1. Considering only residues that are in contact (Cβ under 8 Å) with a residue 60 or more places away in the chain, in a loop (DSSP other than H, G, I, E, B) and surrounded by fewer than 19 Cβ atoms within 10 Å (Cβ to Cβ), which ones fall in the range 165-217?
2. Report yes if some residue within the range 132-141 is touching a helix residue (DSSP H, G or I) at 6+ places or on another chain (Cβ under 6 Å) and surrounded by 12 or more Cβ atoms within 10 Å (Cβ to Cβ); otherwise report no.
3. Is it the case that some residue within the range 279-289 is part of a helix (DSSP H, G or I) and at pLDDT below 85?
4. Report yes if residue 193 is in contact with a helix residue (DSSP H, G or I) (Cβ under 6 Å, 6 or more places away or on another chain) and closer than 17 Å to residue 230 by Cβ, otherwise no.
5. Select, from 288, 236, 299, the only residue that is in contact with a helix residue (DSSP H, G or I) (Cβ under 8 Å, 6 or more places away or on another chain), over 18 Å from residue 180 (Cα atoms) and buried (at least 23 other Cβ atoms within 10 Å of the Cβ).
6. Before we move on, is residue 289 out of contact with any strand residue (DSSP E or B) (no Cβ under 9 Å at 6 or more places or on another chain), more than 30 Å from residue 238 (Cβ to Cβ) and touching a residue at least 60 places away in the same chain (Cβ under 8 Å)?
7. Which residue pairs have Cβ atoms closer than 6 Å, lie 6 or more positions apart in sequence or on different chains, and pair a first residue in the range 334-345 that is free of Cβ contacts under 8 Å to residues at least 60 places away in the same chain with a second residue that is surrounded by 10 or more Cβ atoms within 10 Å (Cβ to Cβ)?
C-alpha cells in the first residue's frame, strides 16, 4: 500500500505544499510606511508638547524628617518588653553596634532577618529603642527572582527574549521619565496615556519582533485597539462616575501634587493596563496569518482571514477569563473584605473601588476583542498573495511502495 503524498490544503479547491512567504511587495511596504510614519510623528510631537517644563512637576517629598534616617539592621534575638511594657527587638547595627527597635507584636521576626529601621535621631539617648521597624530587606530575593526570570527568558526565547527584556527596560524609562512627571504636572491624562502607549509599543514591538511588515501590521492593530479602549474608557468612566479617589493612596495625591486629575489618572491607568494584552493578541494574530500563508500559499485572503479568526476566537475565549482571574488575584484582600460585609451583591459590585476595577477590566477586554478582527483583517490584506508566494521545492516520491 503506497501512502498518498501530503498536501497543504489552500482553500476549498486548491492544494499546494507549504513554503516560505515572500517579502511583501514594495507597494505594500510603502502603504504600511505611510500608515506607521504619521503615528511615529504624532507620538514624537505629542511627547514634545506634553513634556513637563521646569517648575511644573511638584518637588519630591522627603520620606524622613531632618535628623532621622533609614538604617539596615539585623535581628539579634527574640523580642521582649521594656520597662514601659512596649515590645522591642534587639538589633545589630551596620557598624556592629547593638540597639533595640520598636516593633508591632503581631509581626514575627527571626534572628538573622534583615530589616529596614527608621532611626529617630532627635530622640537618641532619650528612649530605650530609638529605632522603629519599617520594612524587611528584600533586595536579595527580588534580585534572585529577577535573575531567574531573565535566565528563563533567555534560555527559551534566546536573542528575541533579550530584545523583549530590553524593550521592557525602555518602557519603564518612558514611564519614569515622561508619563509620571506629565501626570503629576497636570497634563491631559488621556493624551499622556495615548502618547505613552504609542511610544512604548513602537519600541517594544520593533525591538522584540524585528522591523518587518508583520510587526507593522501588529503595531497598527495595537494602535487601533488602544484608540478604541480610550474611546470606550472615556465614556465608561464618565457614565459610571469613576472618580479615581477610592483608595487612600489616591486621595493623598492632590495634597502632594495639586494639579493632578484623579479621574484622568484612572482613565490613563485603564489604557496602560490594556496595552500589554493588546500587544500579545495583535502580534499573535499577525503571526498566525503569515504562518497560514506559508502553509497554504494558494489560499485566498478571505480563507486566511477565516482561519486566523478561528485562532483569534480561541485567544479571546482564554483572555476573557485570564484578565478576570488576574484581577481576582490582585484584589483578593479587598474582595474578602467585601464578602464579609452584609450587603447585596449588586451593592458590593457597584461600590467605588470594585466598580473602578470592573470598568477597567471590561473596557480593556472590549478593546482587546475588537483589536483581534482588526489586526487579522489588516494582516490578511497585507500578507503576500498567492501569486507572490515562494514555491516550495518539489517533493521527492519514494522509489518503491511501502506496504
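The values are calculated or read from the model by the stated rules, or taken from the named source; none is laboratory data. Everything quoted here is computed from the prediction, not taken from an experiment. In this analysis, Cβ positions are derived from the backbone assuming ideal geometry, glycine residues included, and neighbour counts consider all displayed protein chains.
1. 186, 188
2. No; the residues of the range 132-141 include none that is touching a helix residue (DSSP H, G or I) at 6+ places or on another chain (Cβ under 6 Å) and surrounded by 12 or more Cβ atoms within 10 Å (Cβ to Cβ).
3. So far as the range 279-289 goes, yes, one or more of its residues are part of a helix (DSSP H, G or I) and at pLDDT below 85.
4. On the way: in contact with a helix residue (DSSP H, G or I) (Cβ under 6 Å, 6 or more places away or on another chain): yes; closer than 17 Å to residue 230 by Cβ: yes.
In short, yes.
5. Working: 288 fails: buried (at least 23 other Cβ atoms within 10 Å of the Cβ); 236 fails: buried (at least 23 other Cβ atoms within 10 Å of the Cβ).
One residue alone meets the criteria, 299.
6. yes
7. 338/348
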